[in-house]
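Readers should treat all values here as calculations from the given coordinates under stated rules, not as data from a laboratory. These figures come from a predicted structure and were not determined experimentally. No Cβ is skipped: glycine too gets one built from the backbone with ideal geometry, and neighbour counts run over all protein chains shown.
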Amino acid sequence: MKAVSLEKLKEGMILARTVVDSNFVIVLSENTALTETGIRRLQSLDVPFIYIKDQFDLSKNFQQAEAVDKKDAAFSHDFNTISKLAGQIFAELKVGKKSEETVTKLAAQILPLAGNHASINYLFNLGHMNKTLELHSERVSIIAGTLAKWMKLDWEEIRTIVTAAFLHDVGKREMPEEILSKNPKDFSDEEKNIYRTHCQKGFETLRDANFDEPIPTVALQHHETMNGEGFPNGLAGEKIHLFSRIVAVADAYEHWTSEREGDVKKTPFDAVNYFIREIYYSFDPGVCVPLLTRIKDSLIGSSVTLSDGRKGRVIFYPQDFSAMPIVVTEDGQEINLNLRKNLSITQYEIK
Ligand SMILES: [Fe+2]
C-alpha cells in the first residue's frame with residue numbers, strides 16, 4: 001500500500017482503503033479500480049492523498065480491473081451482434097421457420113451479458129426512444145437472464161429464460177404501428193382488444209415453429225398478473241409459469257428504464273417505488289425482491305436533487321418495503337424520504 005497524491009492518481013489503480021467524505025458517506029470503497037469519474041470525485045474532496053494498493057501485492061486485482069474494462073468495451077460490440085441475430089430470427093419466424101442454430105447463437109451471446117454489471121448500467125442508462133421490437137426483446141432478454149442468475153436458477157433454466165424472454169413479444173410482429181407506438185393506458189377498447197391478441201399469436205407462432213415448452217407458454221402468459229387480473233386468461237399466482245413471472249418483471253423493468261415520447265423523465269427511485277407498489281398485485285415477490293435489492297444497493301452513494309431544490313447524497317436505502325432512501329443534504333441534515341411524503345427526488349447521478 002502506498003499514499004498517492006490526488007494529481008498522480010491514474011485509471012486502473014486500486015484503492016487500498018475506503019474513502020469517505022466529511023459527512024462520513026462512502027465515496028469509493030476499498031478494492032475499487034479507479035476510473036476517470038472516480039478520480040474526478042476524489043479530486044473534489046479536501047484530502048492530500050489516497051491510499052493505493054501496490055501493484056506488487058495485488059497484481060490479481062489489476063487483472064480483474066482490466067477484465068472489467070475489456071468487458072465494458074466489448075459490450076457495444078456484443079449488442080450489435082445480438083441485434084443482427086435478432087433480426088434474423090424474426091425474419092425466419094415470419095415464414096414459420098425456427099433456426100435452431102441462430103437461436104442457440106443468440107442465447108450464447110446474451111448469456112454472458114446477463115448479470116454483468118456493465119450490461120445493467122448500460123440498460124439502465126440507455127433511456128432510448130423509438131424502440132423497435134428487436135431492441136425491446138434484446139433488453140428484456142438480458143434483464144430476464146440477469147434476474148434468473150440473481151435467483152440462482154441453474155444454467156439450463158437461465159438459457160431457456162433468455163430465449164423465452166427474447167421471443168415473448170413475437171406476437172406483436174404484425175401488429176399495426178399506431179398501436180405499438182401508443183401508450184397502453186391511452187388505448188380505446190378496440191385497440192386494447194387488438195393489443196391483447198399478441199400473447200395468443202406469439203404462443204401459436206412459437207408452438208408451430210416447434211419451440212420447446214415453456215417458451216410458447218411464456219409468450220402466452222407474460223401479461224398475466226399475480227392477482228389474476230392480467231390477460232389473456234386471468235391466471236393467478238403459481239398457475240403462471242415461473243419463467244413467465246420472471247419475464248413479466250423484466251418486461252416491466254425494461255419499460256421503466258426506456259423513455260417514450262411524452263414521458264416525464266423517470267428515475268430509478270420511481271422504478272423502486274413502482275415495483276414495491278405492484279409486488280403481490282402484479283409481480284411475484286420472489287422475482288422482485290432480488291431486483292429491488294440490487295437497484296437499492298446500486299443507488300447508495302448517488303448524488304440527488306430534492307424537489308425543494310436541496311442537493312444531497314443517498315446514505316442508506318432500507319432493504320424492507322421502504323420505497324425511498326435516506327439522504328443527507330449538503331447542510332448535513334439527514335432526511336428519511338419515506339417519512340417526508342411532500343419531498344421527492346427530481347434528479348440523480350449514480351455514484
Ligand atoms: Fe407483451
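Where Lys and Arg each count +1 and Asp and Glu each count -1, what net charge lies around residue 88 among other residues with Cβ under 12 Å from its Cβ?
+2
Treat the count of other C-beta atoms within 10 Å as a stand-in for reagent exposure and order 280, 195 from fewest to most.
Taking fewest neighbouring Cβ atoms as first place, the list is 280, 195.
Classify the range 74-263 as rounded, prolate or oblate from the Cα gyration tensor: take a ≥ b ≥ c as the square roots of its eigenvalues, call it rounded if a/c is under 1.5, otherwise prolate when a/b beats b/c and oblate if not.
Note, shape of the range 74-263 comes out rounded.
Of the listed peptides 292-301, 155-164, what is their order by residue-averaged count of other C-beta atoms within 10 Å, with the highest listed first?
Values: 292-301: 17.1, 155-164: 20.5.
Answer by packing, highest mean first, reads 155-164, 292-301.
Multiply the residue gap between residue 329 and residue 3 by 0.36 nm, knock off their C-alpha separation, and tell me the result in nm, one decimal place.
Working: separation 326, 0.36 × 326 = 117.36 nm, distance 3.01 nm.
Full-extension gain reported as 114.4 nm.
Within the set of other residues whose C-beta is less than 15 Å from the C-beta of residue 225, count the net charge using Lys and Arg as +1 and Asp and Glu as -1.
Values: positive: 196, 239, 245, 277; negative: 224, 229, 238, 251, 278, 284.
Computed value for this residue: -2.
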